[in-house]
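Engineer: Would you mind keeping the following structure in view while I ask a few things?
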Amino acid sequence: MTSVVNLDELPSALLATIFTKLDVASICSIASTCSAFKSCASQILSFLPNFHLLEIAPTADLLRPLLPPNPYLRSLKVDCGQLHGSAISLLLKPSLHELCLHNCADFSGRLLSEIGRKSKDLRSLYLGSVAENRGRAIYISDLEKLLGGCSQLEALVLMFDVSLFLRHNFARVWLLASEKLTSLEIGYISSVTVTELLSPNLGSHQSLNHVQPSVLPRLQKLCLSVDYITDAMVSTISKGLIFLTHLDLRDAPLIEPQITFDLTNSGLQQINQHGRLKHLSLIRSQELLSTYFRRINDQGLLLMAHKCTNMESICLGGFCRVTDTGFKTILHSCSRLYKLKVSHGTQLTDLVFHDISATSLSLTHVSLRWCSLLTNHAVLSLASNRDLKVLDLRNCRSLGDEALQAIGTLPGLKSLLLDGSDVSDEGLSYLRPQVINSLFTLSLRGCKRLTDKCISVLFDGSAALELRELDLSNLPYLSDDGVLLLAKCRIPLSELRIRQCPLLGDTSVMALASMLIDEARWHGSSLRMLDLYNCGSITRLAFRWLKKPYFPRLRWLGVNGITNRDTVDALAKNRPFLHVACDGEELEADPYDNSGG
């Protein structure tokens, strides 16, 4: 007769080996089941090399027993939304090589100086939202101690407004930065400060014979969000950073820029003077003002393309005066291009892609957002790139079922975004059987012709789908019946957006809460993010199904809080680690992923 051995009776060495294969959240869950597992978890946490806890924002009391003395800890990633300055000693370890601290709004600039003092061996550092709460100050001396202390730093991300620092000392302090620094990303900085920082003459009062040491001499990747992208800034970056391979610049002007604070054809001509650039992104955001790069035309792109023949990735946003001639020059000059992203290309038409099959291009990522002149013919031409993995055609409103027929021939497509297009339920059948089986992300937001039938057309009879992210928001004809069909299909979705669907009600929430996913590693709802904002028929009854034990993995929830404020507050108390958005803001289930996919 075969004897049965319980898991907690396994040898401690075997248990420890199993635990090392788990993430921190899983270790904590298992530790709560029995004393043997709790003891094993305590030992594991003392020599775990990586501690990543970003799904929730832990309190200091929760975090303290999870971070015992551990000389082997190399990587620490934590959401600091419920932490403040008193937790600094808990977070900073001398053994760390990688440190990522998000949502540090309640920390002062002391966090920076203490990192420079206690974690001198860091190779990679990410700091988000430092000192954004009222009463939290940050000084140039804090940055000075950080840069002077972390002499091994290779990658630095400061995702906050660095204009909080005194400008006249900002450039001087960066002379202390590690010579090994190859990657720098800044959440917000003025273009004038960037120009001064990278200018070879940091101090105009210095003697003409005084040789200034170079700032950031080995930098290869630079990502900045600025007030204005200007000729002066682009020229200074291009001349000063001779090893630059990746340049990502984004601005969001508050007013229409004057010529001295704008990018022109002359500035574009300065890009890639040293010929090493592989990735270029120039984006003028429409977030604050509907404004464009009005001083750039086809001539500017022609001049730039001449120096960018080795480019592999190009992202251009807000180039309203560039026509097919300019965009086509990019495609025909950059034979190694695999990623093309154009947003608000108001003069971009199908002709750009008419003869793309005759080129040597092998595009894998294509994004053409808000390019209103594109039609089905452009997609037919793009589909000749059989290796396409990401296709973003959001707000190209003239696309219809003929485009879907072409997309249906792409065997390896992972992400398909068709927001606002004119596709129908019947047209979605072109995605069966080939594309729907490979998709990881599908967005049909605002496709007004779609009904409940689109669910059965896409998913009925499909087995073992890879789909994890689905957006069916703003569909006026999607009802509870459609969501019931979706629940019956048992797709292991991690993100579902169904906001602003007026026919959806409590039945949809109950169906999703009761959905069973037949996976080896998880049973029950797999949703980590659910956006129900402004679904017209949802009442207080639905909130009962949003409480524990339903939706066990849910971390981000969007609801309408105006009419349900008391109910939302009660839900927040029931699930303290659930991020509830009730003012209509867009949810992002992985806000720390900057890969750009």
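Engineer: In this structure, is ALA57 in contact with a Gly (Cβ under 6 Å, 6 or more places away or on another chain) and either under 23 Å from ASN103 (Cβ atoms) or in a strand (DSSP E or B) (or both)?
Structural biologist: For ALA57, the condition - in contact with a Gly (Cβ under 6 Å, 6 or more places away or on another chain) and either under 23 Å from ASN103 (Cβ atoms) or in a strand (DSSP E or B) (or both) - is met.
Engineer: Taking the range 280-291 only, how many residues are at pLDDT 95 or above and either in a loop (DSSP other than H, G, I, E, B) or surrounded by fewer than 17 Cβ atoms within 10 Å (Cβ to Cβ) (or both)?
Structural biologist: 0
Engineer: Further question on the same structure: Among (1) farther than 23 Å from PHE577 by Cβ; (2) outside any loop (DSSP other than H, G, I, E, B), where does LYS93 come up short?
Structural biologist: In the conditions (1) farther than 23 Å from PHE577 by Cβ; (2) outside any loop (DSSP other than H, G, I, E, B), LYS93 misses (2) alone.
Engineer: Hey, another quick one. If you go through the range 254-269, how many residues are of a type outside the set (Val, Ile, Thr), surrounded by fewer than 19 Cβ atoms within 10 Å (Cβ to Cβ) and assigned to a loop (DSSP other than H, G, I, E, B)?
Structural biologist: Selection size over the range 254-269: 3.
Engineer: Run down GLY109, GLY116 and say which single residue is under 18 Å from LEU176 (Cβ atoms) and either touching an Asp or Glu at 6+ places or on another chain (Cβ under 7 Å) or aromatic (Phe, Trp, Tyr) (or both).
Structural biologist: GLY109
Engineer: Turning to a different aspect of this structure: Have a look at LEU101, LEU156, LEU83 and point out the one that is outside any loop (DSSP other than H, G, I, E, B), without any contact (Cβ under 8 Å) to a residue 60 or more places away in the chain and farther than 24 Å from ARG218 by Cα.
Structural biologist: Being outside any loop (DSSP other than H, G, I, E, B), without any contact (Cβ under 8 Å) to a residue 60 or more places away in the chain and farther than 24 Å from ARG218 by Cα holds for just one of LEU101, LEU156, LEU83, which is LEU101.
Engineer: Then there is this: Could you tell me whether ARG64 is of a type outside the set (A, V, I, L, M) and modelled with pLDDT of 95 or more?
Structural biologist: Judged against the criteria, ARG64 is not a match.
Engineer: So, one more: Sort out which residues of the range 145-172 are over 20 Å from GLY128 (Cα atoms) and buried (at least 18 other Cβ atoms within 10 Å of the Cβ), and write them in order of number.
Structural biologist: Residue satisfying the conditions is ALA171 alone.
Engineer: Taking strands (runs of 3 or more DSSP E) that fall entirely within the range 318-395, which contain at least 2 residues that are among the basic types (Lys, Arg) and either without any contact (Cβ under 8 Å) to a residue 12 or more places away in the chain or open to solvent by 30 Å² or more (accessible area, probe 1.4 Å) (or both)?
Structural biologist: 339-343
Engineer: Would you pick out the residues in the range 242-273 that are more than 24 Å from LEU216 (Cβ to Cβ) and more than 26 Å from the chain's Cα centre (by Cα)?
Structural biologist: Across the range 242-273, the qualifying residues are ILE255, GLU256, PRO257, GLN258, ILE259, THR260, ASP262, THR264, ASN265, SER266.
Engineer: Of the residues TYR592, TYR533, TYR550, which single one is modelled with pLDDT under 85 and either surrounded by 15 or more Cβ atoms within 10 Å (Cβ to Cβ) or under 30 Å from LYS221 (Cα atoms) (or both)?
Structural biologist: The match here is TYR592.
Engineer: Something else about it: Suppose the filter is of a type in the set (S, T, N, Q) and either in contact with a Gly (Cβ under 7 Å, 6 or more places away or on another chain) or buried (at least 17 other Cβ atoms within 10 Å of the Cβ) (or both); does SER313 pass it?
Structural biologist: yes
Engineer: Still on this model: Condition first: under 27 Å from the mean Cα position of the chain (by Cα) and open to solvent by 30 Å² or more (accessible area, probe 1.4 Å). Now tell me which residues in the range 30-58 satisfy that.
Structural biologist: PRO49, ASN50, HIS52, LEU54, GLU55
Engineer: Still on this structure: If I ask for residues that are more than 21 Å from LEU418 (Cβ to Cβ) and polar (S, T, N, Q), which ones from the range 326-374 would you list?
Structural biologist: Within the range 326-374, THR329, SER333, SER335, GLN347, SER357, THR359, SER360, SER362 meet the criteria.
Engineer: Same structure, new question: Sort out which residues of the range 442-475 are open to solvent by 10 Å² or more (accessible area, probe 1.4 Å), assigned to a loop (DSSP other than H, G, I, E, B) and in contact with a strand residue (DSSP E or B) (Cβ under 9 Å, 6 or more places away or on another chain), and write them in order of number.
Structural biologist: Selection gives ARG445, LYS448, ARG449, ASP452, ARG468.
The values are calculated or read from the model by the stated rules, or taken from the named source; none is laboratory data. Just so we're clear, the structure is a prediction, and the values are computed from it rather than from any experiment. Every residue, glycine as well, gets a Cβ built from its backbone with ideal geometry; the counts of neighbours run over all protein chains shown. Each accessible area value is taken on the protein alone, full model and side chains, heavy atoms only, with ligands, DNA and RNA left out. Shrake-Rupley method; radii C 1.70, N 1.55, O 1.52, S 1.80 Å.
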